[in-house]
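Contents: one structure, followed by commentary.
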Amino acid sequence: MNVYAPILVLGALGAAFAVFSVVMASIVGPKRYNRAKLEAYECGIEPTPQAAGGGRFPIKYYLTAMLFIVFDIEIVFLYPWAVTFDVLGLFGLVEMLLFVLTVFVAYAYVWRRGGLEWD
């Protein structure tokens, strides 16, 4: 249990700071609400009413999110490989090259199809 004590103390300090910040902001913060502050913020654009079903989003948003997830997962696999590179040897190098090649083929496909164009 002594090994986990610093981690528990750090977690308790983080939680205490978060609770303290939220409580103090509600106590000390200004309470002057007006119509503009209560409206949704849309990057300076006037909010428009949405359809009953929530409206449709362009597919580019979803494609961008999927690309982010793919490359984020690539980093998740590359980090442990880099840490244990010496232990894995040539087998690990060949496997990671195949993995990176597969991801780059997907990247080239998306690039050629115009998935990275943000028009």
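Overview of values
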item: Among residues of segment 1-21, those that are β-branched (Val, Ile, Thr) and open to solvent by 100 Å² or more (accessible area, probe 1.4 Å), counted; result: 2
item: Close pairs from segment 85-108: first within 20 Å of VAL70 (Cα to Cα), partner at pLDDT below 85 and charged (D, E, K, R), Cβ under 7 Å, at least 6 apart; result: VAL103/GLU74
item: Count - residues of segment 25-37 that are open to solvent by less than 70 Å² (accessible area, probe 1.4 Å) and hydrophobic (A, V, I, L, M, F, W, C); result: 1
item: Selection status of GLU117, acidic (Asp, Glu) and modelled with pLDDT under 85; result: yes
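Here's the yes/no breakdown for (1) open to solvent by 90 Å² or more (accessible area, probe 1.4 Å); (2) at pLDDT below 75; (3) assigned to a helix (DSSP H, G or I); (4) in contact with a His (Cβ under 6 Å, 6 or more places away or on another chain):
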{"position": "CYS43", "(1), (2), (3), (4)": "yes, yes, no, no"}
{"position": "GLY53", "(1), (2), (3), (4)": "no, yes, no, no"}
{"position": "PHE57", "(1), (2), (3), (4)": "yes, yes, no, no"}
{"position": "LEU63", "(1), (2), (3), (4)": "no, no, yes, no"}
{"position": "LEU67", "(1), (2), (3), (4)": "no, no, yes, no"}
{"position": "VAL70", "(1), (2), (3), (4)": "no, no, yes, no"}
{"position": "LEU78", "(1), (2), (3), (4)": "no, no, yes, no"}
{"position": "VAL94", "(1), (2), (3), (4)": "no, no, yes, no"}
{"position": "ARG112", "(1), (2), (3), (4)": "yes, no, yes, no"}
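The values are calculated or read from the model by the stated rules, or taken from the named source; none is laboratory data. Just so it is clear, the model here is predicted, and its values are computed rather than measured. In this analysis, Cβ positions are derived from the backbone assuming ideal geometry, glycine residues included, and neighbour counts consider all displayed protein chains. What goes into the accessible areas is simple: the full protein's heavy atoms, side chains included, and nothing from ligands, DNA or RNA. Shrake-Rupley method; radii C 1.70, N 1.55, O 1.52, S 1.80 Å.
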